[in-house]
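Contents: one structure, followed by commentary.
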Number of protein chains: 2
Amino acid sequence: MHKIDSTEKLKNPRFIKPIMINYSHFGVEKKWEAVLSHDSVAVLIYHTQRNAFVLVKQLRATVLNKNKDNGMMYELCAGIVDKEASNAQIAKEEILEECGYDVPVENLEKISSFYTSVGISGTHQTLYYAECDDSMKVSEGGGLHDEDIEVIYVPVEESREFMFDESYQKTTGVMMSFYWFFDTKQHLI
Amino acid sequence: MHKIDSTEKLKNPRFIKPIMINYSHFGVEKKWEAVLSHDSVAVLIYHTQRNAFVLVKQLRATVLNKNKDNGMMYELCAGIVDKEASNAQIAKEEILEECGYDVPVENLEKISSFYTSVGISGTHQTLYYAECDDSMKVSEGGGLHDEDIEVIYVPVEESREFMFDESYQKTTGVMMSFYWFFDTKQHLI
């Protein structure tokens, strides 16, 4: 279904932007090799009628390159901040593109923001929470172009088992936001 | 105290390893630009006598390059898997190097494992939990060489406020593992 054919040293990257950061630390000049990355947004989506979290499942070449037999990832709906729009607006558009739900932007609730890969890129992610239901469903989702994203519903009653089952490869944000939901939205379930 | 002097395009990286991944997806040949990264381990450390989480605070050039006035990060004690040793053993050594506690390797409890930066590197991190107390303190910690790591104690009773205070810049793993502790180790506090 999926396999790595080869990997090669990348001489002229188009998307990856390696940089040298020259900085001063208490007056001492230092250097750090890094990769530029866009800020991003991610959304924990809760489907109220299904009592389920809405995740996206997709093949990630980077993960396939590590685990030759499994590159499928379960992730929060997410996208990069690469245009002039508010983070919440970009999150709203990602929910529509990836999952097919038209959620009003004012319904997005900010959870917090975090950094990942601080050694390589220091990617900054702002995390939101949104509720959806069948009345907001306008398309199948799946992402733009050839993104090949599958929309997955994880019933809340199965979500704790899902969190600790490593055969479902997932991002840290999935587990963190499920816990946030249990902590904050317990009254909904 | 800290400032960015300049950034420049990195022509001959020594540490960053950009690669092209050539892979097949349902028979279609595809390419993905990526950066190789080591797997890593991270540890949520709980100091039983202080009733506090033990975190490391350090300057990250990548974060300073985004937030010109603040590059300080609050992170779990962590390290890369770059030698022939078990993940738990590497985690144990990081606790000693960064935080100064000599915790028996058999005391490390695995929480789970996750991927971060799946678009760029697909970094894989195995997360552990360890308890420490003053009897295990053997050094000041601070990391090897010029790592400049500060050991920080976050009292459990202040940890929820800390989690949502974005002026303390943190990784997703900090928030996730605090929630895991509240969920799993409530009897300790």
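Just a few scattered comments:
- Scanning chain B for trypsin sites (Lys or Arg not before Pro) that sit in a DSSP loop and have at most 12 other Cβ atoms within 10 Å, the longest stretch containing none of them is B:84-189.
- Over 18 Å between alpha carbons, listed pairs B:LYS11/B:LYS83; B:LYS9/B:LYS66; A:LYS57/A:LYS110: B:LYS11/B:LYS83; A:LYS57/A:LYS110
- For the protein assembly as shown, radius of gyration divided by Kirkwood radius, i.e. Rg to Rh on alpha-carbons: 0.95
- For region B:1-55, the calculated P(r) over all alpha carbon pairs, in 10 Å bins from 0 to the bin holding the longest distance, is 15, 21, 25, 22, 15, 3 percent.
- Range of Cα positions in chain A per principal axis (Å), largest first: 55, 43, 32
- Largest mean-square fluctuation among A:GLY27, A:GLY141, A:GLY100, in a Gaussian network model of chain A whose springs join Cα atoms under 10 Å apart, belongs to A:GLY27.
- Share antiparallel - DSSP beta bridges, region A:1-131, percent rounded to 5: 80 percent
- Over region B:115-156, the hull volume per residue, using the convex hull of the C-alpha atoms, is 150 Å³.
- Under 19 Å from the Cα of B:LYS31 - aspartates and glutamates, other chains or at least 8 residues apart: A:ASP5, A:GLU8, A:ASP69, A:ASP146, A:GLU147, A:ASP148
- Projecting label points 7 angstrom from Cα along Cα→Cβ for B:THR184 and B:ARG14 puts them 3.9 nm apart.
- The convex hull around the C-alpha trace of region A:93-189, projected and averaged over every direction, spans 7.8 square nanometres.
- Counting Cα-Cα pairs of region A:57-128 in 5 Å increments starting at 0 gives whole-percent bin shares of 3, 14, 18, 22, 20, 13, 7, 2, 0.
- Average projected area [Cα convex hull, region B:141-189], square nanometres: 4.4 nm²
- The alpha carbon centroids of region A:110-189 and region B:54-108 are separated by 26 Å.
- Each Lys or Arg adds one and each Asp or Glu takes one away; over the other residues whose Cβ falls under 14 Å from the Cβ of B:ASP5, this sums to +2.
- Furthest towards positive pole of dipole, A:CYS77, A:THR48, A:MET136, structure part chain A, Cβ charges: A:CYS77
Throughout, read-outs are computed from the coordinates displayed, never taken from laboratory work. Bear in mind that the values here come from a model prediction, so they are computed numbers and not experimental data. Ideal geometry is used to build each Cβ from the backbone, glycine not excepted, and the neighbour counts take in all protein chains shown.
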